[in-house]
Amino acid sequence: MQAKLDQIAALLKAARRVLFITGAGVSAESGVPTFRGATGAFANGLTEEGIPFEEVLSGTTFTRNPKLSWKYFFRLELSIRGKEPNAAHRAIAALQTADRAVCVATQNIDELHQSAGSTNVIELHGSLRRIICTVCDYRVYHPTFEGMPELPLCPKCKELLRPDIVLYEEMLPEDALGRLDREQDRGFDLIFSVGTTSIFSYVTWPVALASRSGIPTVEINPDETPISHLVRYRLAAPAGAVLRQTIERMNRG
Ligand code: NAD
Ligand code: ZN
């Protein structure tokens with residue numbers, strides 16, 4: 001592990017463009033539960049109603065039973081309320097310098113990368129606290145959901161409001177995908193996948209592409225994932241300590 005960290009530190013030091021693809025695991029050490037993990041928000045995969053979490057947070061459920069979806073939007077908001085960036089978010093933000101561009105493509109909806117100071121964050125799944133109308137162009141930012149009604153309605157057109165997040169079965173936002181494409185076109189010297197089970201193609205393809213073209217890739221995740229066999233460096237550990245140590249080595253070396 002120590003030798004790997006030294007090699008990654010050297011690569012980071014020389015890199016001019018770095019991509020971090022991050023998932024729920026990067027926020028785990030901030031006390032935000034992942035969905036699937038042992039201590040996750042839906043540890044057995046089911047909600048109180050006995051429904052799989054993918055279903056309760058799906059576009060279909062939101063259309064048919066928005067109150068049920070909103071019940072879990074409130075739960076999600078409670079799980080991120082007051083949470084602070086951890087060592088992993090801070091390390092990623094600290095890597096941005098005048099000579100090194102860092103792009104963060106995250107599946108997270110908690111804005112903790114931005115809170116830590118990362119300036120180029122592509123939110124692939126949106127942001128929970130951004131509330132939008134399902135019909136008109138009304139949008140508002142709710143730092144907390146406290147005091148919101150069970151089923152929030154648009155003050156402009158009285159139709160249903162929803163968080164600006166990607167529900168299961170929904171398409172990813174085109175602007176986010178377009179930004180990631182443009183960043184990919186400019187190329188990266190080093191690609192990290194941190195804390196994601198990597199089941200989505202937009203997580204796997206930058207890593208698969210990079211490993212095919214000989215660009216170094218790193219995975220930080222205590223568990224094996226579908227891309228574990230593709231990466232050059234696999235670090236089976238929690239993200240915070242590993243990233244902090246890597247940066248310390250980079251600064252020393
Ligand atoms: P996921 O598929 O991203 O899985 C989480 C991954 O994190 C797992 O592979 C787990 O092994 C890993 N992990 C756990 N602790 C870690 C740590 N300390 N360091 C590094 N890796 C660690 O996410 P999911 O929980 O199955 O959620 C599905 C979707 O919902 C994803 O898009 C996810 O980003 C989103 N979600 C977002 C948040 C958030 O915004 N914080 C929280 C939960 C879920
Ligand atoms: Zn409206």
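The values are calculated or read from the model by the stated rules, or taken from the named source; none is laboratory data. Please read all numbers here as calculations on a predicted model, not as lab measurements. For neighbour counting, all protein chains shown are included, and Cβ atoms are generated from backbone atoms with ideal geometry for every residue, glycine included. The protein model used for the area step is the full one, side chains on, heavy atoms only, and it has no ligands, DNA or RNA in it. Shrake-Rupley method; radii C 1.70, N 1.55, O 1.52, S 1.80 Å.
Give the average over all directions of the projected area of the C-alpha convex hull of region 1-133, one decimal, in nm².
9.6
Ranked highest first by the average count of other Cβ atoms within 10 Å around their residues, in what order do 202-211, 149-158 fall? It would help to have the intermediate numbers written out before the result.
Details: 202-211: 18.2, 149-158: 12.5.
Listed from highest to lowest mean packing, they are 202-211, 149-158.
What FRET efficiency comes out for ALA237 versus ASP181 if R0 is 45 angstrom and r is the Cβ-Cβ distance? Round to the nearest 0.05. Numbers along the way, then the final one.
Numbers: r = 31 Å, r/R0 = 0.69.
The pair ALA237/ASP181 has a calculated efficiency of 0.90.
With an 8 Å Cα cut-off and a minimum separation of 6 or more residues, compute the relative contact order for region 21-132 in percent.
Result for region 21-132 is 25 percent.
Would you pull out the residues with amide H under 5 Å of THR22's amide H, same chain only if 5 or more places away, H placed 1.01 Å from N?
ALA105, THR106, GLN107, VAL194
Using the heavy atoms of the protein chains and a 1.4 angstrom probe, tell me the accessible area per residue for the chain in square angstrom.
Result: 47 Å² per residue.
Amide H of GLN96: which non-local residues (sequence gap of 5 or more, or other chain) have their own amide H closer than 5 Å, using H built in the peptide plane?
none
Quick one: what do you get for the chain if you divide its Cα Rg by 2.2 N^0.38 Å?
In units of the 2.2 N^0.38 Å rule of thumb, it is 1.04.
³J(HN,Hα) across region 13-24 via Karplus (A = 6.51, B = -1.76, C = 1.60, θ = phi - 60°), whole Hz, x for Gly/Pro?
Karplus-based 3J(HN,Hα) across region 13-24 equals 4, 7, 6, 9, 9, 10, 10, 10, 9, 10, x, 3 Hz.
Based on Cβ point charges of +1 for Lys and Arg and -1 for Asp and Glu, what charge dipole magnitude is obtained for region 104-253 about its Cα centre, in debye rounded to the nearest 20?
Numbers: 15 positive and 20 negative charges, 96 e Å.
Around 460 debye, computed over region 104-253.
Using the Karplus equation 6.51 cos²θ - 1.76 cosθ + 1.60 (θ = phi - 60°), what ³J(HN,Hα) coupling, rounded to whole Hz, does each residue of region 4-10 give in order, writing x for Gly and Pro?
Along region 4-10, the couplings run 4, 4, 5, 5, 5, 4, 5 Hz.
So which residue, out of VAL18, VAL231, VAL135, gets the largest mean-square fluctuation from a GNM of the chain using Cα contacts under 10 Å as springs?
VAL135
What shape does region 112-247 take by its C-alpha gyration tensor, where a ≥ b ≥ c are the square roots of the eigenvalues and a/c under 1.5 counts as rounded, a/b above b/c as prolate, and the rest as oblate?
Prolate, since a/c reaches 1.5 and a/b exceeds b/c.
Based on DSSP H runs of at least 4 residues, each adding -39500 (n - 2.57), what is the mean residue ellipticity at 222 nm of the chain after dividing by all its residues, to the nearest 500 deg cm²/dmol? Numbers along the way, then the final one.
Details: 10 runs with 94 residues, N = 253.
It comes out at -10500 deg cm²/dmol, rounded to the nearest 500.
Top mean-square fluctuation among GLY23, GLY45, GLY195, Gaussian network model of the chain, C-alpha springs under 10 Å?
Residue with maximal mean-square fluctuation among GLY23, GLY45, GLY195: GLY45.
How large is ³J(HN,Hα) for each residue in region 244-253, as worked out from phi by the Karplus curve 6.51 cos²θ - 1.76 cosθ + 1.60 (θ = phi - 60°), to whole Hz, x for Gly and Pro?
The phi angles translate into 4, 4, 4, 5, 4, 5, 4, 6, 7, x Hz.
Note down the net charge around ALA208, summing +1 for each Lys or Arg and -1 for each Asp or Glu among other residues with Cβ under 13 Å from its Cβ.
+1
How high is the relative contact order of the chain, in percent, counting Cα pairs under 8 Å that sit 6 or more residues apart?
25
State the percentage of accessible surface on region 39-161 attributable to carbon and sulfur atoms; use a 1.4 Å probe and exclude ligands, DNA and RNA.
The C+S portion of the solvent-accessible surface of region 39-161 is 53 percent.
Report the one residue of LEU57, LEU190, THR225 whose Cα lies farthest in the direction of the positive end of the charge dipole of the chain (charges on C-beta: Lys and Arg +1, Asp and Glu -1; origin at the Cα centre).
LEU190
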